[in-house]
1. Along the three principal axes, how long is the chain when you take its alpha carbons, biggest first, rounded to the nearest angstrom?
2. Given a Förster radius of 35 Å and the C-beta distance between Asp34 and Leu246 as r, what FRET efficiency does 1/(1 + (r/R0)^6) yield to the nearest 0.05?
3. Roughly how compact is the stretch 53-130, stated as its Cα Rg over 2.2 N^0.38 Å to two decimals?
4. So, R0 is 22 Å and r is the distance between the beta-carbons of Asp21 and Ser45; what FRET efficiency does that work out to, to 0.05?
5. Identify the trypsin sites (Lys or Arg not before Pro) of the stretch 144-183 meeting these criteria: DSSP loop state and at most 14 other C-beta atoms within 10 Å of the C-beta.
6. Calculate, in nm to one decimal, what Asp10 and Lys177 gain on full extension: separation in residues at 0.36 nm each, minus their alpha carbon distance.
7. Report, ordered by chain and residue number, the aspartates and glutamates lying within cross-link reach of Lys91, taken as a straight Cα distance under 20 Å and ignoring same-chain residues fewer than 8 apart.
8. Under the definition of Cα pairs under 8 Å and six or more residues apart, what whole-number percent is the relative contact order of the stretch 1-112?
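The values are calculated or read from the model by the stated rules, or taken from the named source; none is laboratory data. Every value quoted in this text rests on a predicted model; they were computed, and no experiment measured them. Cβ sites come from the backbone with ideal geometry, for glycine too, and all protein chains shown count toward neighbours. For accessibility, only protein heavy atoms count, side chains too; no ligands or nucleic acids. Shrake-Rupley method; radii C 1.70, N 1.55, O 1.52, S 1.80 Å.
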Amino acid sequence: MSERELCLFDTPAAMAAAGGDLFVRLAAEARAADRPFSVALSGGSTPRAMFAWLAQPDQRDQVDWARVEVFWSDERAVPPGDPQSNYGMAKAALLDHVPVPADRIHRMPAGQTPLVAVADAYAAEIRHSLGVGRARTPRLDLVMLGMGPDGHTASLFPETAALEDRHRLVAANHVPKLGAERLTFTPKLINAAAHVLFLVAGEDKAAALHEVLEGERRPSLYPAQLVAPENGTLHWYVDGAAAARLAG
Ligand code: 6PG
(Lines give C-alpha, C1' and ligand atoms only; values in the text may rest on other atoms or scores of the structure.)
Protein backbone atom coordinates (compact mmCIF):
# COMPACT_ATOMS: atom_id res chain seq x y z
CA MET A 1 0.00 0.00 0.00
CA SER A 2 1.47 3.35 -1.04
CA GLU A 3 0.77 6.80 0.27
CA ARG A 4 1.72 10.28 -0.85
CA GLU A 5 1.75 13.56 1.03
CA LEU A 6 2.47 17.09 -0.18
CA CYS A 7 3.52 19.48 2.58
CA LEU A 8 4.00 23.20 1.92
CA PHE A 9 6.29 25.28 4.12
CA ASP A 10 6.62 29.05 4.40
CA THR A 11 10.40 28.96 4.28
CA PRO A 12 13.26 26.61 3.34
CA ALA A 13 14.24 26.58 7.03
CA ALA A 14 10.80 25.32 8.08
CA MET A 15 10.99 22.68 5.34
CA ALA A 16 14.44 21.60 6.54
CA ALA A 17 13.24 21.23 10.12
CA ALA A 18 10.25 19.18 9.00
CA GLY A 19 12.54 16.93 6.97
CA GLY A 20 14.74 16.54 10.03
CA ASP A 21 11.72 15.69 12.15
CA LEU A 22 10.78 12.93 9.70
CA PHE A 23 14.34 11.57 9.85
CA VAL A 24 14.26 11.54 13.67
CA ARG A 25 10.81 9.88 13.72
CA LEU A 26 11.79 7.14 11.27
CA ALA A 27 15.08 6.52 13.06
CA ALA A 28 13.15 6.15 16.34
CA GLU A 29 10.76 3.65 14.70
CA ALA A 30 13.75 1.56 13.55
CA ARG A 31 15.28 1.72 17.03
CA ALA A 32 11.96 0.65 18.61
CA ALA A 33 11.96 -2.33 16.25
CA ASP A 34 15.56 -3.07 17.28
CA ARG A 35 16.94 -2.76 13.75
CA PRO A 36 19.36 -0.40 11.99
CA PHE A 37 17.99 2.73 10.29
CA SER A 38 19.02 2.83 6.63
CA VAL A 39 19.00 6.22 4.92
CA ALA A 40 20.25 7.49 1.56
CA LEU A 41 21.18 11.17 1.72
CA SER A 42 20.52 13.43 -1.25
CA GLY A 43 22.98 15.85 -2.74
CA GLY A 44 22.99 19.36 -4.13
CA SER A 45 22.48 22.32 -1.82
CA THR A 46 18.92 21.99 -0.51
CA PRO A 47 19.50 19.24 2.08
CA ARG A 48 22.36 21.12 3.76
CA ALA A 49 19.94 23.01 6.05
CA MET A 50 18.26 19.75 7.10
CA PHE A 51 21.63 18.15 7.83
CA ALA A 52 22.68 21.15 9.92
CA TRP A 53 19.36 20.99 11.82
CA LEU A 54 19.94 17.30 12.59
CA ALA A 55 23.45 18.08 13.83
CA GLN A 56 22.14 20.44 16.52
CA PRO A 57 22.33 18.83 20.00
CA ASP A 58 18.55 18.85 20.60
CA GLN A 59 17.97 16.75 17.50
CA ARG A 60 21.31 14.95 17.43
CA ASP A 61 20.70 13.46 20.85
CA GLN A 62 17.37 11.92 19.75
CA VAL A 63 18.99 9.60 17.19
CA ASP A 64 20.89 6.36 17.90
CA TRP A 65 23.60 7.20 15.33
CA ALA A 66 25.50 4.00 16.12
CA ARG A 67 22.77 2.09 14.26
CA VAL A 68 22.33 4.39 11.26
CA GLU A 69 23.47 3.04 7.88
CA VAL A 70 24.27 6.05 5.69
CA PHE A 71 24.21 5.81 1.91
CA TRP A 72 23.87 8.39 -0.88
CA SER A 73 21.18 8.45 -3.56
CA ASP A 74 23.65 9.86 -6.05
CA GLU A 75 27.15 11.25 -6.38
CA ARG A 76 29.23 13.21 -8.80
CA ALA A 77 32.34 11.63 -10.36
CA VAL A 78 34.70 13.66 -8.19
CA PRO A 79 36.99 12.93 -5.24
CA PRO A 80 35.45 13.14 -1.74
CA GLY A 81 37.26 16.40 -1.00
CA ASP A 82 35.94 18.13 -4.12
CA PRO A 83 33.52 21.05 -3.50
CA GLN A 84 31.09 19.24 -5.83
CA SER A 85 31.04 16.10 -3.68
CA ASN A 86 27.66 15.23 -2.16
CA TYR A 87 29.55 13.16 0.41
CA GLY A 88 31.73 16.16 1.26
CA MET A 89 28.69 18.38 1.81
CA ALA A 90 26.99 15.84 4.11
CA LYS A 91 30.25 15.21 5.98
CA ALA A 92 30.71 18.90 6.73
CA ALA A 93 27.06 19.61 7.59
CA LEU A 94 26.20 16.41 9.48
CA LEU A 95 28.57 13.46 9.62
CA ASP A 96 31.42 15.33 11.30
CA HIS A 97 28.98 16.25 14.09
CA VAL A 98 27.26 12.94 14.85
CA PRO A 99 28.73 9.58 15.97
CA VAL A 100 27.95 7.34 12.98
CA PRO A 101 30.54 4.52 13.00
CA ALA A 102 32.91 4.82 10.03
CA ASP A 103 31.92 1.37 8.72
CA ARG A 104 28.30 2.50 8.53
CA ILE A 105 29.10 5.48 6.30
CA HIS A 106 28.90 4.11 2.76
CA ARG A 107 30.39 6.75 0.50
CA MET A 108 29.70 6.36 -3.24
CA PRO A 109 33.26 6.23 -4.68
CA ALA A 110 32.10 7.88 -7.88
CA GLY A 111 35.52 9.24 -8.65
CA GLN A 112 36.77 5.72 -9.39
CA THR A 113 36.57 3.92 -12.74
CA PRO A 114 35.17 2.03 -14.48
CA LEU A 115 31.99 3.60 -13.14
CA VAL A 116 29.79 0.67 -14.16
CA ALA A 117 31.84 -1.61 -11.92
CA VAL A 118 31.68 0.97 -9.12
CA ALA A 119 27.89 1.09 -9.49
CA ASP A 120 27.60 -2.70 -9.22
CA ALA A 121 29.97 -2.78 -6.25
CA TYR A 122 27.91 -0.10 -4.46
CA ALA A 123 24.73 -2.09 -5.04
CA ALA A 124 26.48 -5.12 -3.55
CA GLU A 125 27.51 -2.99 -0.55
CA ILE A 126 23.89 -1.96 -0.01
CA ARG A 127 22.77 -5.59 -0.21
CA HIS A 128 25.48 -6.70 2.22
CA SER A 129 24.80 -3.89 4.70
CA LEU A 130 21.07 -4.61 4.73
CA GLY A 131 21.44 -8.39 4.59
CA VAL A 132 19.43 -8.68 1.36
CA GLY A 133 20.27 -11.35 -1.20
CA ARG A 134 20.07 -10.97 -4.96
CA ALA A 135 16.55 -12.36 -5.12
CA ARG A 136 15.09 -9.29 -3.40
CA THR A 137 15.40 -5.54 -3.79
CA PRO A 138 16.81 -3.81 -0.68
CA ARG A 139 14.22 -1.67 1.09
CA LEU A 140 15.82 1.39 2.64
CA ASP A 141 13.93 3.07 5.45
CA LEU A 142 14.38 6.52 3.92
CA VAL A 143 15.64 7.75 0.54
CA MET A 144 16.15 11.50 0.32
CA LEU A 145 15.87 13.22 -3.05
CA GLY A 146 16.05 16.68 -4.48
CA MET A 147 14.74 17.95 -7.80
CA GLY A 148 16.43 20.14 -10.36
CA PRO A 149 14.77 22.94 -12.37
CA ASP A 150 14.61 20.43 -15.26
CA GLY A 151 12.73 17.85 -13.19
CA HIS A 152 15.71 15.55 -12.66
CA THR A 153 16.13 13.75 -9.38
CA ALA A 154 19.18 12.03 -7.94
CA SER A 155 21.27 11.82 -11.11
CA LEU A 156 18.34 10.66 -13.21
CA PHE A 157 18.48 13.44 -15.77
CA PRO A 158 16.03 13.89 -18.66
CA GLU A 159 16.58 11.52 -21.59
CA THR A 160 19.56 9.73 -20.04
CA ALA A 161 20.17 6.00 -20.11
CA ALA A 162 19.70 5.33 -16.39
CA LEU A 163 16.01 6.20 -16.67
CA GLU A 164 15.49 2.98 -18.60
CA ASP A 165 17.48 0.68 -16.29
CA ARG A 166 14.98 -1.83 -14.92
CA HIS A 167 17.51 -4.26 -13.41
CA ARG A 168 20.28 -2.44 -11.60
CA LEU A 169 19.95 -0.86 -8.18
CA VAL A 170 22.68 1.69 -8.86
CA ALA A 171 23.68 2.96 -12.29
CA ALA A 172 26.53 4.84 -13.88
CA ASN A 173 24.89 7.60 -15.88
CA HIS A 174 26.40 9.83 -18.56
CA VAL A 175 24.80 13.26 -18.43
CA PRO A 176 25.46 15.02 -21.77
CA LYS A 177 24.05 18.37 -20.63
CA LEU A 178 26.64 18.46 -17.87
CA GLY A 179 29.37 16.66 -19.80
CA ALA A 180 29.67 14.58 -16.66
CA GLU A 181 29.43 11.03 -15.33
CA ARG A 182 27.31 10.35 -12.29
CA LEU A 183 26.39 7.46 -9.99
CA THR A 184 22.73 7.24 -9.14
CA PHE A 185 20.11 5.11 -7.47
CA THR A 186 17.79 3.71 -10.11
CA PRO A 187 13.99 4.03 -9.93
CA LYS A 188 13.95 0.34 -8.97
CA LEU A 189 15.91 0.96 -5.76
CA ILE A 190 14.22 4.27 -4.96
CA ASN A 191 10.74 2.81 -5.37
CA ALA A 192 11.51 -0.11 -3.06
CA ALA A 193 12.02 2.28 -0.12
CA ALA A 194 9.67 2.52 2.84
CA HIS A 195 9.83 6.32 2.71
CA VAL A 196 11.01 8.70 -0.02
CA LEU A 197 11.44 12.35 0.90
CA PHE A 198 11.71 15.09 -1.73
CA LEU A 199 13.01 18.42 -0.49
CA VAL A 200 12.27 21.12 -3.09
CA ALA A 201 12.77 24.85 -2.52
CA GLY A 202 13.11 27.96 -4.64
CA GLU A 203 11.22 29.67 -7.43
CA ASP A 204 13.52 28.11 -10.02
CA LYS A 205 11.85 24.76 -9.26
CA ALA A 206 8.24 26.01 -9.57
CA ALA A 207 7.72 25.27 -13.27
CA ALA A 208 9.19 21.76 -13.04
CA LEU A 209 7.27 20.99 -9.85
CA HIS A 210 4.01 21.93 -11.55
CA GLU A 211 4.87 19.65 -14.50
CA VAL A 212 5.97 16.77 -12.27
CA LEU A 213 2.95 16.87 -9.97
CA GLU A 214 0.21 18.28 -12.20
CA GLY A 215 1.38 17.93 -15.80
CA GLU A 216 0.98 15.04 -18.17
CA ARG A 217 3.09 11.98 -17.45
CA ARG A 218 6.34 12.45 -19.35
CA PRO A 219 9.01 10.81 -17.15
CA SER A 220 11.68 10.91 -19.84
CA LEU A 221 11.45 14.70 -19.66
CA TYR A 222 10.58 14.92 -15.95
CA PRO A 223 12.36 11.99 -14.28
CA ALA A 224 11.04 12.88 -10.81
CA GLN A 225 7.76 11.41 -12.12
CA LEU A 226 9.44 8.00 -11.98
CA VAL A 227 9.44 8.14 -8.17
CA ALA A 228 6.46 6.16 -6.85
CA PRO A 229 7.25 3.86 -3.91
CA GLU A 230 5.63 0.48 -4.57
CA ASN A 231 4.86 -0.16 -0.92
CA GLY A 232 5.89 2.99 0.85
CA THR A 233 5.20 6.64 1.46
CA LEU A 234 6.23 9.49 -0.82
CA HIS A 235 6.72 12.77 1.02
CA TRP A 236 6.94 15.99 -1.00
CA TYR A 237 8.24 18.78 1.23
CA VAL A 238 8.26 22.04 -0.72
CA ASP A 239 8.57 25.71 0.16
CA GLY A 240 6.15 28.40 -0.99
CA ALA A 241 8.40 29.59 -3.80
CA ALA A 242 8.70 26.15 -5.36
CA ALA A 243 4.94 25.61 -4.94
CA ALA A 244 4.02 28.92 -6.61
CA ARG A 245 2.82 27.26 -9.84
CA LEU A 246 0.84 24.46 -8.21
CA ALA A 247 -2.89 24.66 -8.88
CA GLY A 248 -3.97 22.06 -6.30
C1 6PG B 1 22.91 16.24 -7.23
C2 6PG B 1 21.61 15.93 -6.62
C3 6PG B 1 20.51 16.48 -7.45
C4 6PG B 1 19.93 17.59 -6.63
C5 6PG B 1 19.11 18.52 -7.48
C6 6PG B 1 18.69 19.75 -6.67
O7 6PG B 1 23.86 15.46 -7.07
O8 6PG B 1 22.99 17.33 -7.83
O9 6PG B 1 21.41 14.79 -6.12
O10 6PG B 1 19.51 15.58 -7.82
O11 6PG B 1 19.13 17.02 -5.59
O12 6PG B 1 19.92 18.93 -8.57
O13 6PG B 1 19.87 20.43 -6.30
P14 6PG B 1 19.80 21.73 -5.33
O15 6PG B 1 19.36 21.22 -4.00
O16 6PG B 1 21.20 22.25 -5.31
O17 6PG B 1 18.80 22.67 -5.97
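1. So the three principal-axis extents are 43, 42, 39 Å.
2. 0.30
3. Rg over 2.2 N^0.38 Å, computed on Cα atoms: 1.16.
4. Numbers: r = 20 Å, r/R0 = 0.93.
Efficiency, from the Cβ-Cβ distance: 0.60.
5. Arg166, Lys177
6. 56.9 nm
7. Partners within reach: Asp21, Asp58, Asp61, Asp64, Glu69, Asp74, Glu75, Asp82, Asp103, Glu125.
8. 27 percent.
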